[in-house]
Structure formats: structure tokens, C-alpha cells
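Read through the structure below, which is laid out as C-alpha cells, and then see the notes.
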Amino acid sequence: MSRPVLVRREQVLRGGQPLAFGIGLCVALLVGLVLLVGSGHDPLRVYGRMFEASLGDPRAWSVTLNRAVPLGLAGLAVAVAGSMGLWNIGAEGQIMAGAIGAAWIARIGGEWPSPVLITAMLAAAILGGGLLALGPAVARARIGVNEIITTLMLNEVAIRLVQWLVHGRWKDPGSNNFPLAPMLPDNARLPGLFERAHFGVVLAGVVIALFGVAASRTAWGYELRVAGSSGATARYAGISLERKVMTVLILSGGVAGFAGGIELSGAADRITEGLSNGFGFAGIIVAALALMRPSGVAAVALLFGAVQIGGQSIQTMGVSSSVSTILQALILFGAIAAGVLSRYRVEMVAGEATEVTG
Amino acid sequence: MTEASLVGLLEATVSFGALLYLAALGEMVAEKAGILNLGVEGMMAMGAVTGFVVALHSGDPWVALLAAVAAGAAVGLLHGFFTVVLGAEQVVSGLSLTILGLGLSAYLGRGSVGRPAGAELVGVDWGPLTDLPWAGPVLFGQSPLVYLAVVAGFATWFVLWRTRLGLAVRAAGESASTADAAGHSVAGIRLAAVAVGGGLAGAAGAYLTLSLTPQWVEGVVAGRGWIAVALVIFGAWRPGRVAIGALLFGLTLALKTRLQTFGVDFSPILLSMLPYLLTVGVLVVISIRSRNRPSPSPAALGIAYRREER
């Protein structure tokens, strides 16, 4: 009797992650092909339309870039925590908390000059996101409370907080009793860049680059990685784990909050309960595909932005937009499998299940 | 507050409680074996759409329920394949399963939106018991799935804590290498536990579209899968305590639409934050207390097991 086992390769296959990512993309497109044929569509036309609408011309690029902004910042938030072995599953809620902070400043600063107002809004967004992560950060650092669950739970709390504001205090008196917040004033909107793209694309790019440099070229980034790979080593090297855990989780929340502020100021008309739009959860996939490296986050976010925008565009062809949701999850599943196979090979071993191998 | 509205509240509490309990039991079984599955929301969505579509075509609610259980188990096994066989990160795989389940259910259900249900699981008639005041509607007029949830709770307790199989499952979640050394197949146990968990989540999803609100709309699960994840922690991984938590969280769901009729001036939206905040609170208490005594959380939860790297 023989059974397959995974045996660690002595050397990881070259070009592992980009290759794994490509394989994931192919797997996703193949499954998508089956779904499209199954629902009576011409898959090549649908994929062609997706490509056109997301990367076909400067205008398409501008829309895709806008979408890549929250995805990339959420991915960065997850990656910052992930580089230390921590899981921030709360980006979805922190985006909301950031948007609440920014919207609050926009309510009181309607008369301020635009640059002042926007700067204050984005600062409040970072604070809002960081504040939502504060509880899980302190609980994790001080008493070892699992941050996966606390950050996850606070997502639902933050989304309901927006609902509560929009249904009550922040309801626009002129909205015919619809639960809608008032539109943002014009001076609270981020300036444009080209076509539909807004200035948040630059801001997100700069922040991701800064973290990229900090992670790979500074002592701080090095300490994070040491602390992430071995707590004991970190303590021996004199790195304060407790403080590091706390600052990293709060920083992670702040980055996600920043995403919420930019999304509000750049892409949304007003704060709504749908503002976070799954970006926080997609950010976890983005970060995982980028192996928690800021440099990879930008590239993956751009591709996911294209898949999302392409997915929206095919609705006019009568294709369910759920196809693009399915594609995103399948890219990850395909990449996980390919990633594992770049580090392990499958071997058939003889013998019963109790025998030890390797 | 009238008697009728109070009976209605209790009836809805039991009904919502059973819905949450089914999904939470499934998550508990998987976690007891060491697998954290954050895909509950997606598995419930798959169960909900499968149950509804199969009911449309077969007209038989029980066939629809079975299909929903099978669909939940199947997508659960996908998480099992990636986390158990390939050793992938459980958090990432589970969240991707949620996204996949939400997308796939929307795709499969796109032709069923707005259609009347093909079949429903209607309330069980317990004869004279159902006619009792108070207890009749609250306990004896419920959907068959409510009684299934009770049976599943007892069965889970019995199997996990009173059988050798259950001992092996718990060993896989506490110390996988010990379970392995004792001759159990850790991979087999974990895959089975994730499949059972998916099946129960599928049943919970079917409860939504076959009993509670017999129609299909995208997003019908509406965050209740996350409450199920919370419940497992709230109930400290014990079926009895999870049941109490399910009733408590069920009460908050039932109260949400009734606060105003009771003349209570409190925002139903703020009330719906309660399950999540309570869970965070319980988690903090557990962590403080586990400084002196063992934590109720399975020790090997979330950790992939590869015998070759032991």
C-alpha cells in the first residue's frame, strides 16, 4: 500500500511566488471559463471585455488604479502585522473607522481651505483606524488575547457604528428621510490626477514605498522580522516584544484607516455602510499573495483592482458580477497550491499510515 | 408589552438561537480537531442557495436539506484540502472560502432571485403539546431544524466526550503529534471534522432559505456566520455553553426588529453590536484566567501538522 506525502524540497523552486501567482491566475481563469460557458456566454469575449475595461486604455487604467488604492493599503495593513507573525483580520472595520474619522472632520471643517481640510481628514482617518486596533493591540501585547478573533469581531462593530450614524445623528435632513449622510463638500475631495484617477493613487504609492523601504532597509524592519520568526531570539537581542506587538498592530490599523479616509475623500460621495466593500478581506488575500512584503502588495493590488473593475464591466453583458468575486478567491487557492508545490514535492511512499518518513 | 408579543419574541429567540447553534456546533467540531475555519459565512451561503435551488427543482424540502448539507461539507472539504493536506495558513484559506462561497452562491442563485420557494420545512405539529399556551408556540411549533439542532448538540457532546473517536478528535486538536503517535490519522480526523463542520453550516444556511425566510437573495447570511465563529469562543468550546450563548445571541437578533414595538427607546443597531462585543469581553476574561489554569481553547488550533517535520 502506498500513499502520497509532501516532502520538503532542498531548494525552493526559482521564481516561486510570481510563478505561483501566475498559476493561480490561470487556474482561476480556467474555472471561470467553465462557469461562463455553463451560463451560455462566450468566455473569450467576456475576458476580452474585462481586459479592455480595466487595462485597455488610460481611462480604464485610471479606474483600476483608483480601485487598487484601498486594496493595496488594506493589503499593506495586513502585511505590516503579518511580517511580525500577527494577523490583522480587522482591516474591513478599520477602513470604516478611518472613514468615520475623516467624515467627522469634513462635517466640522466645511469652511476650511481644501489642503488643510483633506490633511486633517486623512490624519483623523489614521487615528480612527488605529483607535479601532488599539483594544486588540493592548489585549494581545499585555494578556495574550488572540488578535485574529478580536480584530474580526470589531469589523462588525465598526460597520454597525456607521449604520448607526447614518440612520441617526449624521442623517441628511434633506434626504427625504432616507438613511443617508450628506454629500461631502467639494473642498473635502481629493484632487484629480488623470482621467478618473485621484491623488490618493500617489499617496498610497508613497506610503507603500515607505513601508517597503522601512521593512527591508531599516533596523526597525529587521527587528520585526526577527520578532516574527522567533520570540525567544528577539528577547535575547533585547527587542521589547510587548511594545513591538502593540505598535505594529496599531500602525496596521492606522494604515487601514488611511485607506478608509482616501476612499471616502477620493472615490465616495458620502460615508455609507458599504464603503469598506470587502476591501479589508480582499487585503488579506493581497497580503498573503505578496508573502507579506510591501513591494509585492502594490503589484497584487493592481491585478486585483483590474479583476474587480473588469468584473463590474461585464455586468452590461449580462454576466453576473459574482464571477469576479469567484475569480479572486480562486487566484488565491490556485496560488496556495502552487506555492506549496514550489517548496514541497509529492512522493509516493510505501507502508502503513503509522510509519514515519523524511 | 402584550403576552402575544412576548411569546413571539421567545419563539424568534429559539428559532434564531437554533440557526446560530447549528453553524456554531459545526465550527466547534472543526476547532476541536485543530482547524480554525473562518469560512462559515461562505459555507452557510452555499447551503442556503443549494437548499433553495434544490427545493425549486425537487419540491422536497428534505432532499433540499440533504443537498445543502452536502454542499456545505464539500466546500468545507476544500478548506480541509488546503489546510490539512497542503498545510496552508488556516486564516487565509478560511477567509478565501468565505469570499468564494459568497461569490459562488450569488452565481448559482442568480436565476432564483425573487422566485417563491419550491418547498419549505414547516413547523412540526406535536399534537396537544403544540396547543399549550406559551410552551406550545415557543418550544413545540418550531421548524424541524430546531429539533435537529438540539439532537446535533447532544450528539456532538456524546461523540466528543464519551467515545474513543471523540477522544481522538480532541487529541488531534490538542496535540497532533500525540494523536499521531497513538495511531490515529490526524489528517483523516481533521478532514472529517471540517466536513462535519461544513455540513452543519450548510444545514444552518438551508434553515435560512427553507424555513426562516423562504426565498433567495444575495447576502441572505448577513454576518450570522461571524456570530457562529464568535459563539464557539463565547461558549468556551463546550456544546452546553455554546447553546446558552446561542439563545442569548438569538435573543439579540429577535429583539432587533421588536425593540420599538416594546416601546424601548434604544437603537436596534447598537443592540446588534452586542454579540461581538460580548465575545471580545469573554476572550479577554478567558485569557486573564488562563494565566493560572489551562485555556479552554484547543492547544493545536490553527497549527498545520506535518508528520515529516515533527
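The table that follows gives values for the structure above.
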| quantity | calculated |
| --- | --- |
| Selection within the stretch A:112-133 - free of Cβ contacts under 8 Å to residues at least 12 places away in the same chain and either within 22 Å of A:Lys171 (Cβ to Cβ) or of a type in the set (S, T, N, Q) (or both) | A:Thr119 |
| Checking A:Ala299 against (1) under 30 Å from A:Ala209 (Cα atoms); (2) more than 10 Å from every other protein chain (Cβ to nearest Cβ); (3) surrounded by fewer than 22 Cβ atoms within 10 Å (Cβ to Cβ); (4) in contact (Cβ under 8 Å) with a residue 24 or more places away in the chain, the condition it does not meet | (4) |
| Qualifying residue in the stretch A:259-282 (condition: crowded, with 20+ Cβ neighbours inside 10 Å and at the interface with chain B (Cβ under 9 Å from one of its Cβ atoms)) | yes |
| A:Ile100 among the β-branched types (Val, Ile, Thr), within 29 Å of A:Glu195 (Cβ to Cβ) and assigned to a helix (DSSP H, G or I) | no |
| Filter result (more than 8 Å from chain B (Cβ to nearest Cβ) and either surrounded by 23 or more Cβ atoms within 10 Å (Cβ to Cβ) or over 20 Å from the mean Cα position of the chain (by Cα) (or both)) within the stretch A:310-323 | A:Gly310, A:Gly311, A:Ser313, A:Ile314, A:Gln315, A:Thr316, A:Met317, A:Gly318, A:Val319 |
| Any hit, the stretch A:108-115, residues being crowded, with 24+ Cβ neighbours inside 10 Å and either more than 22 Å from A:Gly192 (Cβ to Cβ) or out of contact with any Asp or Glu (no Cβ under 7 Å at 6 or more places or on another chain) (or both) | no |
| Single unsatisfied condition, B:Thr213 versus (1) surrounded by 18 or more Cβ atoms within 10 Å (Cβ to Cβ); (2) out of contact with any helix residue (DSSP H, G or I) (no Cβ under 8 Å at 6 or more places or on another chain) | (1) |
| Residue match in the stretch B:271-292 (condition: within 11 Å of chain A (Cβ to nearest Cβ), closer than 21 Å to A:Val162 by Cα and touching a Phe, Trp or Tyr at 6+ places or on another chain (Cβ under 6 Å)) | yes |
| Candidate set: the stretch A:187-202, residues that are over 22 Å from the mean Cα position of the chain (by Cα) and over 10 Å from A:Gly266 (Cβ atoms); chosen: the one surrounded by the fewest Cβ atoms within 10 Å (Cβ to Cβ) | A:Phe194 |
| Residues satisfying the stated conditions in the stretch A:173-191, i.e. touching a helix residue (DSSP H, G or I) at 6+ places or on another chain (Cβ under 9 Å) and either of a type outside the set (A, V, I, L, M, F, W, C) or within 8 Å of chain B (Cβ to nearest Cβ) (or both) | A:Pro179, A:Pro182, A:Pro185, A:Asp186, A:Asn187, A:Arg189, A:Pro191 |
| Pair list, Cβ < 7 Å and 6+ apart or interchain, from the stretch B:143-162 residues that are over 17 Å from B:Leu65 (Cβ atoms) to residues that are surrounded by 18 or more Cβ atoms within 10 Å (Cβ to Cβ) and among the aliphatic types (A, V, I, L, M) | B:Gly153/B:Leu25; B:Gly153/B:Ala243; B:Thr156/B:Leu25; B:Thr156/B:Val29; B:Leu160/B:Val169 |
| Cβ pairs under 7 Å, 6+ apart, first in the stretch A:68-91 and within 11 Å of another protein chain (Cβ to nearest Cβ), second assigned to a loop (DSSP other than H, G, I, E, B) and at pLDDT 95 or above | A:Val78/A:Asn88 |
| Members of the stretch A:336-352 found to be surrounded by 23 or more Cβ atoms within 10 Å (Cβ to Cβ) and more than 18 Å from B:Gly42 (Cβ to Cβ), listed by number | A:Gly339 |
| Looking only at the stretch B:11-23, and only at residues there that are within 12 Å of B:Leu248 (Cβ to Cβ) and within 13 Å of the chain's Cα centre (by Cα), the one that is surrounded by the most Cβ atoms within 10 Å (Cβ to Cβ) | B:Tyr21 |
| Of residues in the stretch A:160-171 being touching a residue at least 40 places away in the same chain (Cβ under 8 Å) and surrounded by fewer than 21 Cβ atoms within 10 Å (Cβ to Cβ), the one nearest to the other protein chains (Cβ to nearest Cβ) | A:Gln163 |
| Exclusive hit being farther than 27 Å from A:Glu347 by Cα and among the aliphatic types (A, V, I, L, M), set A:Leu19, A:Leu6, A:Leu25, A:Leu71 | A:Leu71 |
| Helices (runs of 4 or more DSSP H) wholly inside the stretch B:97-212 containing at least 1 residues that are closer than 25 Å to B:Trp62 by Cβ, in contact with an Asp or Glu (Cβ under 8 Å, 6 or more places away or on another chain) and modelled with pLDDT under 90 | B:135-140 |
| Among the candidates B:Val84, B:Val75, B:Val91, residue that is within 8 Å of another protein chain (Cβ to nearest Cβ) and either at positive phi or part of a helix (DSSP H, G or I) (or both) | B:Val91 |
| Residue in the stretch B:231-252 that is assigned to a helix (DSSP H, G or I), among the β-branched types (Val, Ile, Thr), within 13 Å of chain A (Cβ to nearest Cβ) and surrounded by fewer than 21 Cβ atoms within 10 Å (Cβ to Cβ) present | yes |
| Total residues in the stretch A:133-151, condition facing another protein chain (nearest Cβ under 7 Å) and closer than 21 Å to A:Gly260 by Cα | 2 |
| Residue check for B:Trp216: in contact (Cβ under 8 Å) with a residue 40 or more places away in the chain and outside any helix (DSSP H, G or I) | yes |
| Complete set of residues in the stretch B:293-310 that are free of Cβ contacts under 8 Å to residues at least 40 places away in the same chain and more than 10 Å from chain A (Cβ to nearest Cβ) | B:Arg293, B:Pro294 |
| Selection within the stretch B:259-270 - part of a loop (DSSP other than H, G, I, E, B) and either within 14 Å of chain A (Cβ to nearest Cβ) or under 15 Å from B:Gly17 (Cβ atoms) (or both) | B:Leu259, B:Gln260, B:Asp265, B:Phe266, B:Ser267 |
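The values are calculated or read from the model by the stated rules, or taken from the named source; none is laboratory data. As the structure is a prediction and not an experimental result, all values here were calculated from the model. For neighbour counting, all protein chains shown are included, and Cβ atoms are generated from backbone atoms with ideal geometry for every residue, glycine included.
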